[in-house]
Amino acid sequence: MARHMTPTTPAETRTDIARILGLRSGDRVCLIGSGGKSTLMSALAGCFPSLPVLLGTTTKIFAPSPQSYRAFLDQVAAEDLLCAWAEKRHAPEPGIYLACGRAISSGSGRTTPNAKPTAPSEREMHWFHEARNNSQALPSGASAKSVDEAMAAYKLLPLPHKIYENLSGHDGPFRLLLLEADGSRMLPLKGWGPQEPVVPDFTTVTIGVIPVRLLGRPLDSRHVHRWPVFKELSGLREGEELQADHLAAVISGSCGLFAHARGRKILFFSQIEDAVALDQASRVVDALSPETLANLDCIVAGSARHGRAIRMQGADTNGPPQRARTANAIQEGV
């Protein structure tokens, strides 16, 4: 039986995922894809305790827990910080900061301009997820529209791209920028419209996040955002079980995961918590074309929730890639 990855301490997390992904001070990172972006972004933000780190979005994101970041910057606060930086070059204290526009109702009742937005509770998140896919989960008298409206009350909007650019990089007050640049409506997989994902020109690293846990299962719109587009990208037929070559097509297609990527391109297989999942990720890598492999700077499998990762392929390794398939490889891979 495959053993599950054991949780790590925060100190171990700092030495794992960010190092394996090759992130460094000055990077502007966009996370795209599905099934684990927010968890990975949070894990990466905690990997740089000595730096001021900025989180944001180019689409819409749920307001994270107020305890997970030091301060919230709306557009006014962000512009004030930029003015102070231009005059005195005084960097923010080390820590995690969130810079977004507010949803229409997220700031209601607040008196402080940069007060932290309200985050949905775990119970509300579970209800949103169930109600999106199962009409019987809706409270009596509710409609699908009311679910969308309830979700929107907790969503934060993007700031102008130029603000994110000026706030970050080697010449900005924040030494690392992490942007969630894609949305999948809380579903594990997705297909992309022509304008998705939204990756700004200044991006230095694009991390494509994709889970493999649905391999071997028949899919439908309950599992996939933009289901018709996904079917076309993957070649999956109605009622057919998802296979490694389907996910490989989604990753490498001209309209697929990395179609709008910029900078260094990293493929991250998310929610890898045992040897079975690691073997599934390996099968997807084996199905990727040589051209796709050559276009990727790094391929990593891991669990952001547990703070562990293993590099499967990439030029940054000392020695051969860590294409391990044993039951304890995911525990000992880093």
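The values are calculated or read from the model by the stated rules, or taken from the named source; none is laboratory data. Bear in mind that the values here come from a model prediction, so they are computed numbers and not experimental data. Note: ideal-geometry Cβ built from the backbone for every residue, glycine included; neighbour counts use all protein chains shown. Ligands, DNA and RNA are stripped out before the accessible areas are found, and what is left, the full protein with its side chains, is counted by its heavy atoms. Shrake-Rupley method; radii C 1.70, N 1.55, O 1.52, S 1.80 Å.
Using alpha-carbon positions, what is the distance between the centroids of the range 42-75 and the range 176-251, in Å?
After rounding, the separation between the Cα centres reads 24 Å.
Stretch D220-V276 to full length: gain in nm at 0.36 nm per residue minus the Cα-Cα span?
That pair, D220 and V276, stretches by 17.8 nm at full extension.
Just check the range 190-327 against the gyration tensor rule for me: Cα atoms, a ≥ b ≥ c as the square roots of the eigenvalues, rounded for a/c under 1.5, and otherwise prolate or oblate depending on whether a/b exceeds b/c.
It is oblate, given that a/c is not under 1.5 and a/b is not larger than b/c.
Which of the three applies to the range 229-299, rounded, prolate or oblate, going by the alpha-carbon gyration tensor with a ≥ b ≥ c and a/c under 1.5 meaning rounded?
The shape class here is oblate.
Counting only protein heavy atoms and a 1.4 Å probe, tell me what percentage of the range 175-299's accessible area is made up of carbon and sulfur.
47
Based on the mean of other Cβ atoms within 10 Å per residue, sort peptides 116-126, 90-100, 38-48, 172-182 so the most packed one is first. Before the final figure, lay out the partial values.
Working: 116-126: 15.1, 90-100: 18.5, 38-48: 20.3, 172-182: 24.8.
Ranking, from highest mean packing down: 172-182, 38-48, 90-100, 116-126.
Give me the number: length gained by fully extending S289 to D201, i.e. 0.36 nm times residue separation minus the C-alpha to C-alpha distance, one decimal in nm.
Working: separation 88, 0.36 × 88 = 31.68 nm, distance 2.66 nm.
Between S289 and D201, full extension yields an extra 29.0 nm.
Please list, by residue number, everything in the range 208-236 whose backbone N is under 14 Å from a paramagnetic label point 7 Å out along Cα→Cβ of S254.
Hits in the range 208-236 for S254 at 14 Å: 233.
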